[in-house]
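Inspection log for the structure reproduced underneath, given as structure tokens.
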Amino acid sequence: MQIIEGVREGRLTPGTRLPTVRELATQLSMAVNTVARAYRELESAGIVETRGRFGTFVARADPADSAMASAAHAYAATARSLGVDKAAALEYVEAAFG
């Protein structure tokens, strides 16, 4: 989704106000319900936050940051426990991405 990409690439910074559901639906020629559902899913994922009648804003932090940091720490700990050095561990990650 473009909003997630915008957040991760830094084009949509925390606190940025997003268009209303109706505005975005009009801009994208989509049904209002479809856009509303997307906003609800983004809010559930912690990417945006709704502030009542003030609107919807990019959340203060990307939830992927903490999830990826936790996964990276767990991966590094596993690699160390198996005696795999950093270079070899990174090769596994590269191979996983193909």
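The values are calculated or read from the model by the stated rules, or taken from the named source; none is laboratory data. Just so we're clear, the structure is a prediction, and the values are computed from it rather than from any experiment. Methodologically, a virtual Cβ is constructed for each residue, glycine included, from the backbone with ideal geometry; neighbour enumeration extends over all protein chains shown. Note: areas computed on protein heavy atoms with side chains; ligands, DNA, RNA excluded. Shrake-Rupley method; radii C 1.70, N 1.55, O 1.52, S 1.80 Å.
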Margin query: Need pairs with beta-carbon distance below 9 Å; first residue touching a residue at least 12 places away in the same chain (Cβ under 8 Å) and within segment 1-23, second of a type in the set (D, E, K, R) and open to solvent by 100 Å² or more (accessible area, probe 1.4 Å); sequence gap 6+ or separate chains.
Written below: MET1/GLU41; PRO14/ARG60; GLY15/ARG60
Check: Are there any pairs, at least 6 apart or on different chains, whose C-beta atoms fall under 9 Å, with the first in segment 60-85 and assigned to a loop (DSSP other than H, G, I, E, B) and the second open to solvent by 70 Å² or more (accessible area, probe 1.4 Å) and of a type in the set (Ser, Thr, Tyr), and if so, which?
Finding: VAL84/THR78; VAL84/TYR92
Check: Can you name every residue in segment 1-49 that is assigned to a helix (DSSP H, G or I), open to solvent by less than 50 Å² (accessible area, probe 1.4 Å) and either among the basic types (Lys, Arg) or in contact with a strand residue (DSSP E or B) (Cβ under 9 Å, 6 or more places away or on another chain) (or both)?
Finding: ILE3, GLY6, VAL7, VAL21, TYR39, LEU42
Checklist line | Residue in segment 64-85 that is farthest from the chain's Cα centre (by Cα), counting only those that are closer than 17 Å to GLY10 by Cβ and open to solvent by 60 Å² or more (accessible area, probe 1.4 Å) | finding: MET68
Margin query: Is it the case, given these coordinates, that ALA61 is surrounded by 11 or more Cβ atoms within 10 Å (Cβ to Cβ) and out of contact with any helix residue (DSSP H, G or I) (no Cβ under 9 Å at 6 or more places or on another chain)?
Written below: yes
Check: Can ALA69 be described as at pLDDT 95 or above, at negative phi and of a type outside the set (Lys, Arg)?
Finding: no
